[in-house]
Amino acid sequence: MSRQSSLEPTRLAKIRPTQMTVGLAEVEAKRREWRDASDNERNASLIHHAFPAVRGPEGRFFIVDHHHLGLALIEESVEAGYVTILNDLSRLDEDEFWVVMDHHQWTHPYDADGRRHPFEDMPRKLTKLVDDPYRSLAAEVRRKGGYAKETAPFAEFLWADFFRRRISRKRLGVDFDTAVDRALVLSHSPEAEHLPGWSGRIP
């Protein structure tokens, strides 16, 4: 398979997700950042945060990162952005395409309850992504120093699932700040040492 790294312009409405959920709180934070940015900052951001993508069946772009940003831009009425091509798998049929994507850890077919789904359930538009509040929790814990940012694919989803098993959805929905405090303690505990970016106990 050929590998490329060039930037290509694309309409955001046409790019395909490779995950089923996002944290809508994180999407909203990225919307605020976009609204507060100058025109020059916005133009630079679109290039600097080009969407890493795989060219799939029928030449469609399937992005493997920046789903939160993509949805935020769409909700801010931005129509176009850029993708950087990781690989061209457009010669494969749909079934084989998803098998290869799964092998490379370029997809995360899990719903907001942490349950794996068949690939045919994958949303076909960024606007169809479902909210997973634990994904927002994981992002906030990382921002507060709970763990280091990692390049491992879908690392924050592993943290989200870790918190999902230890913090009730009721607590998360009623008092997000308290849930963050609890999650920060958990993030430094030995229970979390198997997760990407774990930084050890707080002295």
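The values are calculated or read from the model by the stated rules, or taken from the named source; none is laboratory data. Everything numeric here is computed off the predicted structure, so don't read it as measured data. With ideal geometry, Cβ positions are generated from the backbone for all residues, glycine too; neighbour counts draw on all protein chains shown. Please note that ligands, DNA and RNA were not included when accessible areas were found on the heavy atoms of the full protein model with its side chains. Shrake-Rupley method; radii C 1.70, N 1.55, O 1.52, S 1.80 Å.
Applying the criterion of at least 2 residues that are out of contact with any Gly (no Cβ under 8 Å at 6 or more places or on another chain) to the strands (runs of 3 or more DSSP E) found wholly in the range 33-152 leaves 51-55, 80-88. Within the range 16-35, the set of residues being farther than 14 Å from residue 143 by Cβ and open to solvent by less than 60 Å² (accessible area, probe 1.4 Å) comprises 16, 17, 18, 19, 20, 21, 22, 27, 31, 34.
Quick one: in the range 136-147, of everything that is open to solvent by 20 Å² or more (accessible area, probe 1.4 Å) and of a type outside the set (Asp, Glu), which residue is nearest to residue 160 (Cα to Cα)? Across the range 136-147, the extreme among qualifying residues is 142. Just need a number here: residues in the range 178-199 that are assigned to a loop (DSSP other than H, G, I, E, B) and surrounded by 12 or more Cβ atoms within 10 Å (Cβ to Cβ). The number of residues fulfilling the criteria is 6. Take the residues of the range 47-59 that are open to solvent by 30 Å² or more (accessible area, probe 1.4 Å) and in contact with a strand residue (DSSP E or B) (Cβ under 7 Å, 6 or more places away or on another chain): which is modelled with the lowest pLDDT? Looking at residues that are open to solvent by 30 Å² or more (accessible area, probe 1.4 Å) and in contact with a strand residue (DSSP E or B) (Cβ under 7 Å, 6 or more places away or on another chain), I get 47.
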